[in-house]
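Colleague: Here's a structure for you.
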């Protein structure tokens, strides 16, 4: 991961961790289900944003480096890795 991306991702993950702890407290306190569901949706959206940021970093750094490099096996490996990743994400 690129050095400028890592702190942003870690910061977002720490906030998400706090959100999840807050949701656990809501459940313990028997809060209204719709309130809990709303917070769960917010966490899911936040995780998708982190996933997007990590994917963008991977494409900009790892994949682009392989595609512009001379190592054919590395290019094929990165392409296969991306196809597998996107296949899992669509399930």
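Colleague: If each DSSP helix of 4+ residues adds -39,500 (n - 2.57) and the sum is divided by the residues in the chain, what number results at 222 nm, nearest 500 deg cm²/dmol?
Modeller: So the helix-based figure for the chain works out to -27000 deg cm²/dmol.
Colleague: Follow-up. Label points 7 Å out from Cα along the Cβ direction at residue 68 and residue 83: separation in nm?
Modeller: For residue 68 paired with residue 83, the spin-label model returns 2.5 nm.
Colleague: Another question about this same structure. Kindly rank 57-67, 9-19 from highest to lowest mean number of other beta carbons found within 10 Å of each residue. Show your work: numbers first, answer last.
Modeller: Details: 57-67: 14.7, 9-19: 13.2.
Per-residue Cβ counts within 10 Å, averaged per peptide and sorted highest first, yield 57-67, 9-19.
Colleague: Using the alpha-carbon atoms, what tilt in degrees (0 to 90, nearest 10) does helix 33-58 show relative to the longest principal axis of the chain?
Modeller: Approximately 20 degrees, to the nearest 10.
Colleague: Below 8 Å between Cα atoms, with a sequence gap of 6+, how large is the relative contact order for the chain in percent?
Modeller: 33 percent
Colleague: Rounded, prolate or oblate: which fits the chain, taking a ≥ b ≥ c as square roots of the Cα gyration tensor eigenvalues, rounded meaning a/c under 1.5, else prolate when a/b beats b/c? Kindly include the intermediate steps, with their values, before the conclusion.
Modeller: On the way: a/c = 4.84, a/b = 2.41, b/c = 2.01.
Verdict is prolate for the chain.
Colleague: Also, I was wondering about something else. Using the per-residue mean of other Cβ atoms lying within 10 Å as a proxy for protection, in what order, highest first, do the peptides 68-79, 36-47 fall?
Modeller: Most protected by this proxy first, the peptides run 36-47, 68-79.
Colleague: How tilted is helix 5-28 with respect to the longest principal axis of the chain? Cα atoms for both, answer in degrees (0 to 90, nearest 10).
Modeller: 30 degrees
Colleague: Would you mind checking the tilt of helix 72-89 against the longest principal axis of the Cα atoms of the chain, expressed as 0 to 90 degrees and rounded to 10?
Modeller: Around 20 degrees separate the two axes.
No lab work stands behind these numbers, since they all come straight from the coordinates. This one's a predicted model, so the numbers in the text were calculated from it and none came from an experiment. Virtual Cβ from ideal backbone geometry, glycine too; neighbours counted across all protein chains shown.
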